[in-house]
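Novice: I'd like to ask you about the structure that follows.
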Amino acid sequence: MQPSPTHRASFSIGSEAAARRVVDVLTEVFFEGDTAVAAFERPDGQWDVTLHFAEAPDQTLLHELVATSAGNDVVATLAFDTVEAKDWVKASLEDLVPVPAGRFVVHGSHDRDRVAPNKLAVEIEAALAFGTGHHGTTRGCLLLLDHVLKHARPRRVLDLGTGTGVLAIAAAKALHRAVLASDIDPPSVRVAAENAALNETGQYVRVIRATGFAAPDFAKRGPFDLVLANILANPLRQLAGPMARHLAPGARVILSGLLTHQAPAVIAAYRARGLIPLRHLRIEGWSSLLLRKVD
Ligand SMILES: C[S@@+](CC[C@H](N)C(=O)[O-])C[C@H]1O[C@@H](n2cnc3c(N)ncnc32)[C@H](O)[C@@H]1O
């Protein structure tokens, strides 16, 4: 996809934690649109945050979002311009640094040669799908996956809402076992399949288009010992029933995409279906949960 021209907004911020916070807010707000958000560190320790838009952005809205999530000093550095037509998503993602999460590290192709040999590397190509590892929800899922794999080797694995395929690829790399990956969004299905092949996990990861559990593949490939689902709080609550029906006894479930204040309602929905919470990670305002289906 080659949108043009491309509109850019950029600003500077003092720390990685502050940059991540504001990127999370902007990613959440602009998730539905043709927008890419990236943050990268400058040699002087400041962080530059850049947004690329297919259409001219609402500058007042951006001022407000940056002011509330980062403060007025940061707003003072906010600048808007247009850049020549190119693959702006790719250009934006090239700025991203590798993300470590337990035994995994998620990186772009430009960092392929810089990954430590003791890490399981997941290479994510620039694309219009969610999941480069930089979002607190993806990192939370990878950290919980790392934890689960210290104690178990799940046989039947599902990644529901796979986006770039990052979690399915990580699971396949660690387990060398079949992983079913699904997404409601056709471009994500294509991107996830491409990324699975790029990461030499194409023989393990099967990607299908499905809304929730509405496809025969789930019954055929289940019941699952491990499900990863990084989608939003409301769909997660609605999926509690269908999810429970597709789980093996003792199965582990990793949920993310919920804001920390939404966690109690999600936990209650799954507890009512026989899943008990084991771990709760909070990263930059996002909750990631590890649950177990009672035997
Ligand atoms: C926040 S992204 C997560 C991507 C990736 N799994 C990660 O952890 O970075 C959520 C993904 O779930 C998909 N999705 C949202 N609702 C869904 C549903 N009801 N069924 C299947 N996929 C869904 C979206 O299209 C999107 O690709």
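The values are calculated or read from the model by the stated rules, or taken from the named source; none is laboratory data. As the structure is a computational prediction, the values presented were derived from the model and not from experiment. Backbone-built Cβ (ideal geometry, glycine too); neighbour counts: all protein chains shown.
Novice: Inspect segment 70-77 for any residue being modelled with pLDDT of 90 or more, surrounded by fewer than 14 Cβ atoms within 10 Å (Cβ to Cβ) and not in a loop (DSSP other than H, G, I, E, B) and give the result as yes or no.
Specialist: yes
Novice: When segment 147-171 is examined, which residues are found to be over 19 Å from Ser182 (Cα atoms) and out of contact with any helix residue (DSSP H, G or I) (no Cβ under 8 Å at 6 or more places or on another chain)? Talk me through it step by step, then tell me what you get.
Specialist: In the first step, residues of segment 147-171 are kept if they are over 19 Å from Ser182 (Cα atoms); the result is 147-153.
Correct list: His147, Val148, Lys150, His151, Ala152.
Novice: Quickly run through segment 58-70 and pick out the residues that are more than 24 Å from the chain's Cα centre (by Cα) and not acidic (Asp, Glu). Let's see the steps before the verdict.
Specialist: Taking segment 58-70 as the starting set, the residues that turn out to be more than 24 Å from the chain's Cα centre (by Cα) are 58-61, 63-64, 67.
Those that are more than 24 Å from the chain's Cα centre (by Cα) and not acidic (Asp, Glu): Gln59, Thr60, Leu61, His63, Ala67.
Novice: Need the failing condition index for Thr211 against (1) more than 9 Å from the ligand (Cβ to nearest atom); (2) more than 17 Å from the chain's Cα centre (by Cα), just the number.
Specialist: In the conditions (1) more than 9 Å from the ligand (Cβ to nearest atom); (2) more than 17 Å from the chain's Cα centre (by Cα), Thr211 misses (1) alone.
Novice: Then there is this: Sort out which residues of segment 209-233 are assigned to a helix (DSSP H, G or I) and charged (D, E, K, R), and write them in order of number.
Specialist: Once the filter is applied, which keeps residues that are assigned to a helix (DSSP H, G or I) and charged (D, E, K, R), segment 209-233 yields Asp217, Lys220, Arg221.
Novice: When the residues of segment 103-130 are filtered to those that are part of a loop (DSSP other than H, G, I, E, B) and under 20 Å from Leu175 (Cα atoms), which remaining residue is nearest to the ligand (Cβ to nearest atom)?
Specialist: Result: Ile124.
Novice: Hey, can you tell me all the residues within segment 249-264 that are in a strand (DSSP E or B), more than 13 Å from the ligand (Cβ to nearest atom) and surrounded by 16 or more Cβ atoms within 10 Å (Cβ to Cβ)?
Specialist: Matches in segment 249-264: Ala251, Arg252, Val253.
Novice: Which of the residues spanning segment 109-132 are among the β-branched types (Val, Ile, Thr) and at pLDDT below 85? It would help to see each step written out before you state the result.
Specialist: Start the filter on segment 109-132 by keeping residues that are among the β-branched types (Val, Ile, Thr), which leaves 115, 122, 124, 132.
Within segment 109-132, Val115, Thr132 meet the criteria.
Novice: Just checking, does segment 155-162 include any residue being buried (at least 24 other Cβ atoms within 10 Å of the Cβ) and either within 20 Å of Ile283 (Cα to Cα) or within 9 Å of the chain's Cα centre (by Cα) (or both)?
Specialist: Taking every residue of segment 155-162 in turn, at least one turns out to be buried (at least 24 other Cβ atoms within 10 Å of the Cβ) and either within 20 Å of Ile283 (Cα to Cα) or within 9 Å of the chain's Cα centre (by Cα) (or both).
Novice: Which residue pairs have Cβ atoms under 6 Å apart, sit 6 or more places apart or on different chains, and have a first residue in segment 207-231 that is in contact (Cβ under 8 Å) with a residue 12 or more places away in the chain and farther than 22 Å from Ser288 by Cβ and a second that is in a strand (DSSP E or B) and away from the ligand (no atom under 11 Å from the Cβ)?
Specialist: Filtered contacts from segment 207-231: Arg221/Leu180; Pro223/Leu247; Pro223/Ala248.
Let's see how each residue does on (1) assigned to a strand (DSSP E or B); (2) within 8 Å of the ligand (Cβ to nearest atom); (3) closer than 21 Å to Ser288 by Cα:
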| residue | (1), (2), (3) |
| --- | --- |
| Lys150 | no, no, yes |
| Ile169 | no, no, yes |
| Arg190 | no, no, no |
| Pro235 | no, yes, yes |
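Novice: All but one of (1) surrounded by fewer than 18 Cβ atoms within 10 Å (Cβ to Cβ); (2) away from the ligand (no atom under 14 Å from the Cβ); (3) assigned to a helix (DSSP H, G or I) hold for Arg177; state the number of the condition that does not hold.
Specialist: Every condition holds for Arg177 apart from (3).
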